[in-house]
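Here is the structure we will look at, set down as structure tokens.
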Amino acid sequence: MAPHRRRSKLIGWIAPVTMVVIWQLSIVTGLIRFRYFPTPVSVAEALQTLISSGALLENTAHTVLVALLAWVIAGVLGICLGLVIGLSVPIWKGIMASVDVLRSLPIIALIPVGVIIFGFTLKLEIVIATYAAIWPIIVNTVSGVHQTRTELLDVGNMLRMSRWERMRKLIFPSSLPLILVGLRLGLGLSLVLTVVSEIVGTPQGIGYALISAEQALHPSEMFAYIVTVGIVGYLLNSIFLYSAQALSPVERSRESNPS
Amino acid sequence: MTTRTPISLTKSGIRGNRRHHDGKGVAPMIGLLPIAILLVIWQFLGNPHSVFFPLPSHWWTAIQGVEQQGNLWSSILATSLTFIESIIVAALIGTSLGIALGSIRWGGKALDPLLDFLRNLPAAALVPAAAIVLGTNTKMALVIVVLSSIWPILLNTRAEIQNLSPVLSSSIINLRLSGWHRLSVMIGSALPGILLGIRVAAPLALIVTLLAEFITNLSGVGALILSAQQNFNSAEVYALLVVAGLLALAVNSLVSAIEASVLRRHGPST
């Protein structure tokens, strides 16, 4: 098994490396001509400079911490609200349409409202990222609870489980796969919206560094930050998937939830 | 289950799971009540001079002001055009690439890491890059919206092709289907995945369209929101937020309607 596995890992590197080589060659040979399109080599150089100056680490740490904080808040609130809405039919009837309206508001249009209320502060970043991340978590928790099999609830009745026991031992574990999907979507959104609010206003973090590099006409520095955001997103997603697999064997790979 | 129950071929019918609650039902309209009540309270108990929370009636006056300046409808049109063009281009490229990548047997392992990386790249980070490389124009917006909304379509199409039922893929081989016939069978069987991908991609495309306008000040609803915010005209910001929300609502219902009509025509069993 081991050599096979190593080979499949190597195969995974072929496509990205090819792409980078094509990118480099097409600029060096003049195949594509854009004034501000850096070569991968110059992006790597910029990345190195930013790493050695410490700016990259500082900005990345800020963005990641804010994104994670917002995600944790959204996760706790979202799962609690989702369980309440999912467990009670009257509450579901009375509130779900409002949830659907609020979650389909384009989050970008909400940022200016946030700016007016909070100004360009850390609070703005956290509130915006939390707001964006909470909806998939709520919606997936609700549908997770709704998809609990009736047989399972019958078992609960038969064993005379209390409400709390039923919830902890039956409903929550059976909705966990969907809740995890919601948490994963929320994590991605939280990172994106943290970066967006930094691009738009808050003068800290990767987003701000990125937009400053653009305005200073330093494309290679800007691309270095873009690569960083990509790597951070990829890592957060992988770490989450890895720990989710440890928690629950089923992780639906399809992206079933728009928002 | 009694023996008299006919076996239905819907997905849940095959699995035979009884669910606690049919979560697919559309939430009843009465659920809008909390928002309505909130707005009424806001209108009657809110502070009419508040900078942060202007009264809903002031939003209406603000949006009329924008309309009189003549920017409102042209901005909505610009945003809608960018959105529609992008989603069509994303659907065409995403479906073709998805079918192509799904048909290559070794494609999964070789391309997964790259696709995963690209898909996780936040669209927001790409907007400034596209602006500096391509300049601030509608072509830039198109590129950026397509780049960020193509993934759900591409990946769902690819998954659908990779999970093609063995019967279907062996029939393709046994009947020696080639060219158009083969392609049309593949598209037909991937249709639910393609449509799901488009449904996921559409709201994303609208958000990125607004974002591109917002960050680069390209004319559209996003730019209107930006200028309202920069002028600290909060009533106008709230009003434009409602406009953006209505756009999103229109997009969602349009996409659902298209999905329903396509699936009805081509049968639900694929």
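Laboratory data are not the source of any read-out in this text; all were calculated from the coordinates shown. Keep in mind the model is a prediction, meaning the values are calculated, not measured. A quick note on method: Cβ atoms are made from the backbone with ideal geometry, for glycine too, and the neighbour counts reach across all protein chains shown.
Once the dipole of chain A is set up with Lys and Arg at +1 and Asp and Glu at -1 on Cβ about the Cα centre, which of A:GLN147, A:THR60, A:TYR234 lies farthest towards its positive end?
My answer, from the dipole projection, is A:GLN147.
Just going by the charge dipole of chain B, with Lys and Arg at +1 and Asp and Glu at -1 on Cβ, which of B:THR95, B:LEU240, B:ILE132 is farthest out on the positive end?
Most positive-ward Cα: B:THR95.
Find how many whole Å separate the alpha carbon centroid of region B:202-246 from the alpha carbon centroid of region A:146-160.
One Cα centre to the other: 47 Å.
Short version: what are the Cα gyration tensor semi-axes of region A:135-231, square root of 5 times each eigenvalue, largest first, in whole Å?
47, 11, 8
Over chain A, with a Gaussian network built from C-alpha contacts below 10 Å, which listed residue (A:LEU159, A:LEU83, A:LEU69) shows the highest mean-square fluctuation?
Checking each option, the largest mean-square fluctuation is seen for A:LEU159.
Check which residues have an amide H placed less than 5 Å from B:GLY135's amide H, if you skip close sequence neighbours.
Correct list: empty.
For region A:89-105 and region B:114-162, write down the distance between their C-alpha centroids in whole Å.
Rounded to whole Å, the Cα centres lie 31 Å apart.
Which of A:ILE14, A:ILE51, A:ILE239 moves the most in a Gaussian network model of chain A with Cα springs under 10 Å?
A:ILE14
Quick one: net charge around B:TRP60, please, counting Lys, Arg +1 and Asp, Glu -1 for every other residue with C-beta under 12 Å from its C-beta. Let's see the in-between values first.
Details: positive: none; negative: B:GLU67, B:GLU236.
Charge balance near B:TRP60 sits at -2.
Could you identify which residue out of B:LEU175, B:LEU142, B:LEU81 has the top mean-square fluctuation in a GNM of chain B using Cα springs shorter than 10 Å?
Sorting by GNM fluctuation, first place goes to B:LEU175.
Is the C-alpha gyration tensor of chain B telling us rounded, prolate or oblate? Criteria: a/c under 1.5 is rounded; beyond that, a/b larger than b/c is prolate, otherwise oblate.
Because a/c hits 1.5 or more and a/b fails to exceed b/c, chain B counts as oblate.
Taking K and R as +1 and D and E as -1, what net charge do the other residues with C-beta under 12 Å from the C-beta of A:ALA209 add up to? Can you show the working numbers first?
Details: positive: none; negative: A:GLU58, A:GLU198, A:GLU214, A:GLU221.
Counting the neighbours of A:ALA209, the net charge comes to -4.
Below 8 Å between Cα atoms, with a sequence gap of 6+, how large is the relative contact order for chain B in percent?
Contact order relative to length: 24 percent.
Picking from B:ILE172, B:GLN68, B:LEU254, whose Cα lies most toward the positive end of the charge dipole for chain B (charges on Cβ: Lys, Arg +1; Asp, Glu -1)?
Of the options given, the answer is B:ILE172.
Taking R0 as 22 Å, what's the FRET efficiency between B:LEU92 and A:LEU102 from their Cβ-Cβ distance, rounded to 0.05? Before the final figure, lay out each step's value.
Working: r = 32 Å, r/R0 = 1.47.
The formula returns an efficiency of 0.10 here.
What distance in nm separates the two pseudo spin-label positions at B:LEU254 and A:MET158, each 7 Å out from Cα along the beta-carbon direction?
Placing both labels 7 Å beyond Cα along the Cβ direction yields 5.2 nm.
Normalising by the residue count of chain A, find the relative contact order in percent from Cα pairs under 8 Å and 6+ residues apart.
With pairs under 8 Å counted, the relative contact order is 26 percent.
Can you compute the radius of gyration and Dmax for chain A, using only the Cα atoms, both in Å?
22.3, 75
How large is ³J(HN,Hα), in whole Hz, for each residue of region A:101-106 in order, when computed from phi with the Karplus curve 6.51 cos²θ - 1.76 cosθ + 1.60 and θ = phi - 60°, using x for Gly and Pro?
5, 5, 7, 8, 4, x
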